[in-house]
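Below is one structure, written out as structure tokens, with a few remarks after it.
The values are calculated or read from the model by the stated rules, or taken from the named source; none is laboratory data. Everything numeric in this text was worked out from a predicted model, so none of it was measured. Glycine also receives a Cβ, built like all others from the backbone with ideal geometry; neighbour counts cover every protein chain displayed. Please note that ligands, DNA and RNA were not included when accessible areas were found on the heavy atoms of the full protein model with its side chains. Shrake-Rupley method; radii C 1.70, N 1.55, O 1.52, S 1.80 Å.
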Amino acid sequence: MCKKYFSWIVIICISVFCQITNATTRPNLILVLTDDQGYADVGFNGSNDIKTPNIDRIALEGARFTNGYVTYAVCGPSRAGLLTGRYQGRFGFGRNPVVDPNDQNAGLALSEKMISEVLAAKEYKSGIIGKWHMGTHPSFRPNNRDFDYFYGFLSGGHQYFPELLTVKDIYHAKKDWSWYDTKILENNRQVETKKYLTDEFSDKAVAFIENNSHQPFFLYLAYNAPHTPLQATDEYLDRNSHIKNKKRRTYAAMITAVDDGVGRVLDTLNKLNIADNTIVFFLSDNGGAESQNASDNGPLRGQKGSYFEGGVRVPFAVRWPAKIPADITYNYPVSSMDILATIAGVTEAPIDKSRPLDGVNLIPYLLGENLTPPHPVLYWRNFDQGTLAMRNGNMKVIDSAKSGQHLYNLRIDLEEKSNLSQDNPNAYNLLFQQLQTWEKQLIDPVFRPLQGFSNSPEKHQPKPSKQQENIYQLVWQDEFDCVGRLNEKYWGYESGFVRNQELQWYQSDNAFCRDGLLIIEGRRESKRNPYFNPTEDDWRKSRKSIDYTSASVTTKGKLSWLYGRFEVRAKISAKAGLWPAIWFLGELGKWPSKGEIDLMEYYRGMILANAAWGASQPAKPVWDAVKIPLSEFNNPNWDKRFHIWRMDWDESSIKLYVDDKLLNEIDLTTTINPDGVNPRNPFLQPHYLILNLAIGGSQGGDPANTSFPSNYEIDYVRVYQKKSNR
Ligand code: CA
């Protein structure tokens, strides 16, 4: 009798223990993400006009983060940081990707692990409902990232009403932004939706929970609301009739729809008796886009896209009844990257050691077991705008190519009104050095930015149409209408013996303006090498004499450009031993990984058009080179005339022409430096220009029988850029 009683106790204990174990080691995870919602636009952050009673349940029954941050101030990169628990700049997701289902680079690197992939090791079922934005090429889509279920759309935004979804799929989106009109996908299949999109997503979220409640699951409920276009049903508008401003009312109505959906999700957890066992996070992917969607970031300065607090501090809360006490207000900075770290910490899911998380498990902090700040420092970078930002304790640093240096003390200046950088240069510099050290760990974006659309038929036309011509505007030119010396604002000179064992000694004397031309004069003249030293191995010093002189002029340190149309009208002299060139080098990095573009080189009877970047062996280039014998131009006096060399360079390709004849097209998806070398793709950075006349050397041939002086003449250099780039 006694023995039997004892065994019942054991069984009951095991049963209770199992429940506790399951709740605390493999809880369900629901991540509710909204899009462009303002910091102040939730009840738990004090919204007066927008009611969010259901979203507030998460905060009131759990923890509200007053200093919750995302890793970027717009959608795509922020989501890449959120889903990987890592600063997205580490793997090149440093901008919104181009929407191009044919682009195999434009997505979240397959080498990285998303929450779904981390949890797959713990046998979670994962679903994403809503906006994806992590790549449209099939290899990047949710079902290839361990999401067992996908219901939503691939691009960065979408129409909300079913009658507006008129484009079959992303391959049929023929103009920019028509990807907002595509049919909704259920896994890889297009479906006909019937409801307002936010309601449609809420329905599917409830169904996903119901279908998966028997095992641990991860639901990523990524509402595109309240991102533009501002569209809401009459029912949701009526419930916000107290808001007079129509734009704000529509925005509020979109949030009401989300809040209803969150309520249905939480009620479903209650109904299935799994609420205790489920961690629910709520946050927005970036600050409110106040000027676009009438959102409100409250006291925070700036908005979506900005590195003031209004761009990156978001409404953020978590609930986990089994573990986290109710009604916590947590004030230390936390990050969207902490969500993956938290669930990985709780489940002990393995993390790839070569890709350590930047997020931290928040549970010990929320339980009061760890009283230190989870993130003493948080960092941000906008690669395209040249902005770096950091929060170190209460100090906030922003270094912007556009607006300069900023330093704020958020403890006393939440609104970032009082810039302390001028009065505290030492403090600023110290913090900025720390920020730069972090930036060195990042790589350049690995894909083209969101603009233009390569599905459009214009792309493959060999010659730009008139319409395309009109999109360029002249941004810089030198017509060489000077007298004598070149304009020092634009041009500097290389000097001495420089490279390739060339015979000429470069000196500024040999470059001058005459009759509206830049003349680079190759001379045969004998001088003593001022650096001559017979014991030296370096060829620059072991040569006793100088036999030839010439010039090399460059915009290095003065002017550089990223993308555009470059035209150089020039006349070369095709004599033996001469090696004239029009070429560009990347601003950052070492040769060849910094990138070299040879719009024109001539030597040994050949015209060349090339690009070079880094190979796997250090200091070795990979060449994409074209050599064309001068004889192919069918004119024995070809080099007695001026020709126009042109480069058309954008995010996807570099095209090199002479007189409108395409000589070489370099596909920039192929110009990738070896792993770990910065920049990863040299041709996505600014380059400066070099015009020079080399003589002899490794390629130039033998000038012994050539008459001198021999001139290389340049009529003009003109640089155009697309209006949309400026
Ligand atoms: Ca967004």
Identify all residues within region 21-79 that are within 16 Å of the ligand (Cβ to nearest atom), part of a helix (DSSP H, G or I) and either without any contact (Cβ under 8 Å) to a residue 24 or more places away in the chain or in contact with a Leu (Cβ under 8 Å, 6 or more places away or on another chain) (or both); write none if there are none.
G76, P77, R79
Return the residues of region 104-116 that are surrounded by 19 or more Cβ atoms within 10 Å (Cβ to Cβ) and over 15 Å from the mean Cα position of the chain (by Cα); say none if nothing qualifies.
E112, K113, M114, I115, S116
What do you reckon, is W561 in contact (Cβ under 8 Å) with a residue 12 or more places away in the chain, out of contact with any Pro (no Cβ under 8 Å at 6 or more places or on another chain) and aromatic (F, W, Y)?
no
Within region 681-697, residues open to solvent by 10 Å² or more (accessible area, probe 1.4 Å) and either touching a His at 6+ places or on another chain (Cβ under 6 Å) or over 30 Å from F91 (Cβ atoms) (or both) come out as G697
Which one of the conditions (1) within 16 Å of the ligand (Cβ to nearest atom); (2) part of a loop (DSSP other than H, G, I, E, B) does L82 fail to meet, given that it meets all the rest?
(2)
So which residues in region 480-496 are open to solvent by 20 Å² or more (accessible area, probe 1.4 Å) and under 16 Å from I690 (Cα atoms), if there are any at all?
N487, E488, K489, Y490, Y493, E494, S495
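Which of the residues belonging to region 514-524 are at pLDDT below 95 and surrounded by fewer than 19 Cβ atoms within 10 Å (Cβ to Cβ)?
Passing the criteria: R514, D515, G516.
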Determine if region 341-361 includes at least one residue that is within 16 Å of the ligand (Cβ to nearest atom), over 21 Å from A222 (Cβ atoms) and open to solvent by 30 Å² or more (accessible area, probe 1.4 Å).
no
Of the criteria (1) more than 14 Å from W380 (Cα to Cα); (2) in contact (Cβ under 8 Å) with a residue 12 or more places away in the chain, which one Q88 fails
(1)
Region 546-582: number of residues that are assigned to a strand (DSSP E or B) and under 27 Å from the mean Cα position of the chain (by Cα)
4
Residue among I274, I279 that alone is under 31 Å from the mean Cα position of the chain (by Cα) and more than 22 Å from G38 (Cβ to Cβ):
I279
Does E587 satisfy being in contact (Cβ under 8 Å) with a residue 24 or more places away in the chain, charged (D, E, K, R) and either open to solvent by less than 20 Å² (accessible area, probe 1.4 Å) or more than 28 Å from K640 (Cα to Cα) (or both)?
yes
Among the residues of region 698-726, count how many are open to solvent by less than 40 Å² (accessible area, probe 1.4 Å) and modelled with pLDDT under 90.
1
Looking only at region 615-670, how many residues end up being open to solvent by 20 Å² or more (accessible area, probe 1.4 Å), touching a Leu at 6+ places or on another chain (Cβ under 8 Å) and among the aromatic types (F, W, Y)?
0
Given the condition over 18 Å from F201 (Cβ atoms) and among the β-branched types (V, I, T), answer yes or no: does some residue in region 259-277 qualify?
yes
Residue within region 321-338 that is closer than 21 Å to P53 by Cβ, small (G, A, S), assigned to a loop (DSSP other than H, G, I, E, B) and touching a Pro at 6+ places or on another chain (Cβ under 9 Å) present
no
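The rows are residues; the columns are (1) assigned to a strand (DSSP E or B); (2) within 16 Å of the ligand (Cβ to nearest atom); (3) not aliphatic (A, V, I, L, M).
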{"residue": "K175", "(1), (2), (3)": "no, no, yes"}
{"residue": "Y180", "(1), (2), (3)": "no, yes, yes"}
{"residue": "T198", "(1), (2), (3)": "no, yes, yes"}
{"residue": "I209", "(1), (2), (3)": "no, no, no"}
{"residue": "L219", "(1), (2), (3)": "yes, no, no"}
{"residue": "N224", "(1), (2), (3)": "no, yes, yes"}
{"residue": "L230", "(1), (2), (3)": "no, yes, no"}
{"residue": "R248", "(1), (2), (3)": "no, no, yes"}
{"residue": "T256", "(1), (2), (3)": "no, no, yes"}
Subset of region 320-341 (residues that are farther than 21 Å from D35 by Cβ and touching a Gly at 6+ places or on another chain (Cβ under 9 Å)):
W320, P321, I324, P325, A326, D327, I328, Y330, P333, A341
Applying the selection to region 544-573, what residues are open to solvent by 30 Å² or more (accessible area, probe 1.4 Å) and among the hydrophobic types (A, V, I, L, M, F, W, C)?
L559, L562
Quick check on region 418-425. Is at least one of its residues hydroxyl-bearing (S, T, Y), within 23 Å of P374 (Cα to Cα) and surrounded by 14 or more Cβ atoms within 10 Å (Cβ to Cβ)?
no
Where residues in region 124-153 are in a loop (DSSP other than H, G, I, E, B) and open to solvent by 10 Å² or more (accessible area, probe 1.4 Å), which of them is nearest to the ligand (Cβ to nearest atom)?
H133
Test result for A551, more than 19 Å from D715 (Cβ to Cβ) and touching a Gly at 6+ places or on another chain (Cβ under 9 Å)
no
Among the residues of region 531-539, is there at least one that is open to solvent by 20 Å² or more (accessible area, probe 1.4 Å), in a strand (DSSP E or B) and of a type in the set (D, E)?
no
Being in a helix (DSSP H, G or I), in contact (Cβ under 8 Å) with a residue 12 or more places away in the chain and within 30 Å of N211 (Cα to Cα) is the filter; apply it to region 266-306 and report the residue that is nearest to the ligand (Cβ to nearest atom).
L266
Note on A275: of the conditions (1) surrounded by 24 or more Cβ atoms within 10 Å (Cβ to Cβ); (2) more than 20 Å from T250 (Cβ to Cβ); (3) of a type in the set (G, A, S), unmet is (1)
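Take A619 and decide whether it is within 28 Å of G496 (Cβ to Cβ) and more than 38 Å from the chain's Cα centre (by Cα). So that I can check it myself, show each step before the final result.
Details: within 28 Å of G496 (Cβ to Cβ): yes; more than 38 Å from the chain's Cα centre (by Cα): no.
The answer is no for A619.
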